[in-house]
Amino acid sequence: MPVYINGIATLVPESSYPQDFIRDFMIEHVSDDRMTRLILRRIYNQSGIEKRHTVIDEMDKAPGDRTFFDEIGGRLHMPGTQKRNDLYIRKAREMYPELAGKTIAASPGFETADITHVITVSCTGFYAPGPDFNIVKALGLPLSTQRYHIGFMGCYAVFPALKMAQAFCEADPGTVVLVVSLELCTLHLQLSKETDFLLSGSLFADGGGGAIISNHLPENPRHALQISAMSGSLAMEGESDMAWTVGDKGFNMVLSSYIPDLLKSNIIGAIDPLLTETGL
């Protein structure tokens with residue numbers, strides 16, 4: 001039976017900074033080395049990004065009660081993983097339910113009482129009971145609501161989340177799945193001079209997206225997208241070019257400059273099966 005994405009919503013933190021402000025901020029704090037500063041300037045100037053949202057709202061504040069700064073000198077320092085994760089927990093507990101409610105409101109014909117499954121996604125923090133529990137509690141969903149969390153799979157995680165939702169809907173006509181993904185990447189800001197760390201620090205920000213998945217035929221087709229097929233493929237040679245590990249000073253993300261080349265050499269093999277399956 002057909003499965004539909006019935007509504008989509010997004011959410012970002014209130015605080016944001018222009019990309020050129022973050023560029024100058026990083027140049028000031030990361031290193032006094034001339035070459036590192038030149039690399040930072042080039043990376044940020046060519047990012048194509050105008051501004052980024054973040055839960056870290058202290059970059060332009062005076063020294064004081066700040067997590068990422070020395071209270072006396074105002075210099076950026078690297079808090080431990082626990083402090084970063086504590087901030088993730090506090091912000092995630094606020095943002096996940098808000099985004100979940102916003103997603104339902106953006107889905108015509110659906111109410112909170114219609115939700116049967118909740119799937120949450122994140123790789124930038126951990127806690128239990130997790131965000132799936134927070135959503136059920138905050139929205140007053142039935143205690144029988146089925147809950148699932150996909151963690152530490154990076155950007156790719158949204159695809160298994162959607163495929164899982166699709167499978168649930170195909171198995172039971174009455175299923176309505178709420179998928180909510182939230183990443184707070186800036187919590188893992190690093191002072192490393194390694195180019196791979198500088199690249200990831202120049203691109204990722206904080207925000208989330210949600211969707212309602214069901215097999216309900218929408219009254220207005222313009223309010224929904226039908227899922228015709230999904231396909232995924234591994235680029236085995238890129239294993240070390242995009243990596244995400246837990247360190248003592250937050251999570252360490254490696255983002256290699258070879259990724260565009262990896263995408264170029266693998267895109268046909270990834271897309272062909274999808275086009276063949278759908279007859280496009």
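From most to least packed by mean Cβ count within 10 Å, the peptides 34-46, 7-19 give 7-19, 34-46.
Label-to-label distance, L262 versus F152, with points set 7 angstrom from Cα along the beta-carbon direction: 1.9 nm.
Projected label points at L191 and V254, each 7 Å from Cα along the beta carbon direction, are separated by 2.3 nanometres. Between T112 and T245, the contour length at 0.36 nm per residue exceeds the Cα-Cα span by 44.3 nm. In a fully extended conformation the segment linking S231 and Y127 would gain 34.4 nm over its present Cα-Cα distance, using 0.36 nm per residue. At 222 nm, what helix-only mean residue ellipticity would the chain give, in deg cm²/dmol to the nearest 500, using -39500 (n - 2.57) for each DSSP H run of four or more? Calculated from helices alone, the mean residue ellipticity at 222 nm is -11500 deg cm²/dmol. Where both bridge residues fall in the stretch 71-216, DSSP classifies roughly 45% of the beta bridges as antiparallel.
Counted residue by residue at 0.36 nm each, then reduced by the alpha carbon distance between them, the extension gain from D33 to E58 reaches 6.5 nm.
Ranked by the mean number of other Cβ atoms within 10 Å of their residues, highest first, the peptides 202-211, 87-96 come out as 202-211, 87-96. With the simple model of a label 7 Å out from the Cα in the direction of the Cβ, D86 to S15 spans 1.6 nm.
A short reminder: the numbers here are calculations on the coordinates, not readings from a lab. Please read these numbers as outputs of a predicted model, since none were measured by experiment. Virtual Cβ from ideal backbone geometry, glycine too; neighbours counted across all protein chains shown.
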